[in-house]
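K.L.:
Pasting in a structure now, in structure tokens, and then I'll have a few things to ask.
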Amino acid sequence: MNIRFSDKTDVPQLKHIWKVCFGDSDDYINMFFQHLYTPGQTVVACSGETAIGVVYLLKASLLHRDFLYGYAIGVLPEFRGNSVCQKMLEFIREEAKQKNILFGLHPANDKLFSFYKRIGLEEMYCLKTIDASHFNGCASFNMSDISAHDYFHLREQAFAPLVSWDEKMLAYMITEARSTGGFAKKILIDGRERILLGRVYDKTVFVKETTMSDEEIKTGSQFLKQYFYAEKIIYTLPEISELNGKTDTTILGFDSDRHGIYMNLFLD
């Protein structure tokens, strides 16, 4: 088995791995390769000339240090059980160590969480999930679609320290959210601009990211439920939020636990 960085001739095989592993539509896969695929940030496992596994590394930063996020990690079913994923991550670990780069990933489920910890990844960053459906405040506010430029600046001002996505990456995330039925909004609360990104599913508003304060969540969640014709509203918030909720480790990587660092909007 050979582990290496990708080149553009791998693309047809990489799209095949994506299709087999995740089952997404061709349009979605093509959108990713058009906007985010970078050969030198894509690690491929090969058996002979055939690509059998892949890790896409999406670039972010933390306190002026490069951060690579492992995304869409896939191994063809017939090659699983041969430590392919572990060997790709070991390759990435060595690259990160040599270049002083941080690395992290978001396990898609508890089984993968246990697997990644078993092969040596450590718990890094946390987020809190809170159910705000019971808040009955009466505040209302103006809402409008938000540009990636505005989203970037409002996000950078609100969260510190944070793993920062650049404007291009945020533009992709916003486009992806809207193309899959989600929303990305700017809201105005008593003259203060806030961001709100999420989706509505099964009569529930799932807010993946917001810069609303705890108090604004208490007073504004009823309005948001009504605005989106929903019965429930669930927020993902920084772990420092004082609202009652469940705090979980959401990022594993090659660094030790670092409380207080905010990382969200990882593609999952």
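K.L.:
What's the long-distance tail for segment 1-92, i.e. % of Cα pairs beyond 20 Å?
P.N.:
32 percent
K.L.:
Over 5 Å intervals from 0, what percent of Cα-Cα pairs in segment 185-255 sits in each interval?
P.N.:
Spelled out bin by bin, segment 185-255 gives 3, 14, 26, 24, 18, 8, 4, 2, 1 percent.
K.L.:
Percentage of Cα-Cα pair distances in segment 12-66 greater than 17 Å, rounded to whole percent?
P.N.:
Pairs farther apart than 17 Å: 43 percent.
K.L.:
From the backbone phi of segment 68-81, what are the Karplus-calculated ³J(HN,Hα) couplings (6.51 cos²θ - 1.76 cosθ + 1.60, θ = phi - 60°) in whole Hz, Gly and Pro given as x?
P.N.:
Karplus-based 3J(HN,Hα) across segment 68-81 equals 10, 9, x, 10, 6, 6, x, 10, 4, x, 6, 10, 6, x Hz.
K.L.:
From the helices alone, meaning DSSP H stretches of at least four residues, give me the mean residue ellipticity at 222 nm for the chain, per-run term -39500 (n - 2.57), in deg cm²/dmol to the nearest 500.
P.N.:
Using -39500 (n - 2.57) per qualifying helix, the result is -10000 deg cm²/dmol.
K.L.:
Taking every eigenvalue of the Cα gyration tensor of the chain, multiplying by 5 and rooting it, what semi-axes result, largest first, whole Å?
P.N.:
Over the Cα atoms of the chain, the ellipsoid semi-axes are 35, 20, 17 Å.
K.L.:
For the pairs Lys111/Lys208; Lys59/Lys99; Lys208/Lys232, flag any whose C-alpha to C-alpha distance is greater than 18 Å.
P.N.:
Among Lys111/Lys208; Lys59/Lys99; Lys208/Lys232, the Cα-Cα distance tops 18 Å for Lys111/Lys208.
K.L.:
Would you mind pulling out the separation of the Cα centroids of segment 152-199 and segment 1-48, in Å?
P.N.:
27 Å
K.L.:
Please report the base-10 log of the normalised intensity I(q)/I(0) for segment 40-153, using a Debye sum with one equal scatterer per alpha carbon and no solvent, at each q in 0.10, 0.13, 0.14, 0.21 (1/Å).
P.N.:
-0.46, -0.68, -0.75, -1.24
K.L.:
Do you know the relative contact order of the chain, to the nearest whole percent, from alpha carbon pairs under 8 angstrom that are 6+ apart?
P.N.:
About 22 percent, as a whole number.
K.L.:
Moving to a separate point now. Based on the alpha-carbon set only, what is the convex hull volume of segment 52-117 divided per residue, in Å³?
P.N.:
91 Å³
K.L.:
Work out from phi, with θ = phi - 60° and the Karplus expression 6.51 cos²θ - 1.76 cosθ + 1.60, the ³J(HN,Hα) of each residue of segment 142-147, listed in order in whole Hz, and give x for Gly and Pro.
P.N.:
Once rounded to whole Hz, the list reads 7, 10, 8, 5, 10, 7.
K.L.:
What list of ³J(HN,Hα) couplings, whole Hz, do you get for segment 261-268 from phi and the Karplus terms 6.51, -1.76, 1.60, once you set θ to phi - 60° and write x for glycine and proline?
P.N.:
In residue order, the calculated couplings are 8, 9, 9, 8, 6, 5, 5, 9 Hz.
K.L.:
Could you report the accessible area of Met124 in Å², rounded to 10, computed with a 1.4 Å probe on the protein chains as they sit in the structure?
P.N.:
0 Å²
The values are calculated or read from the model by the stated rules, or taken from the named source; none is laboratory data. Model, not experiment: these values are computed from the prediction. We work out accessible area using only protein heavy atoms, side chains counted, and drop any ligands, DNA or RNA first. Shrake-Rupley method; radii C 1.70, N 1.55, O 1.52, S 1.80 Å.
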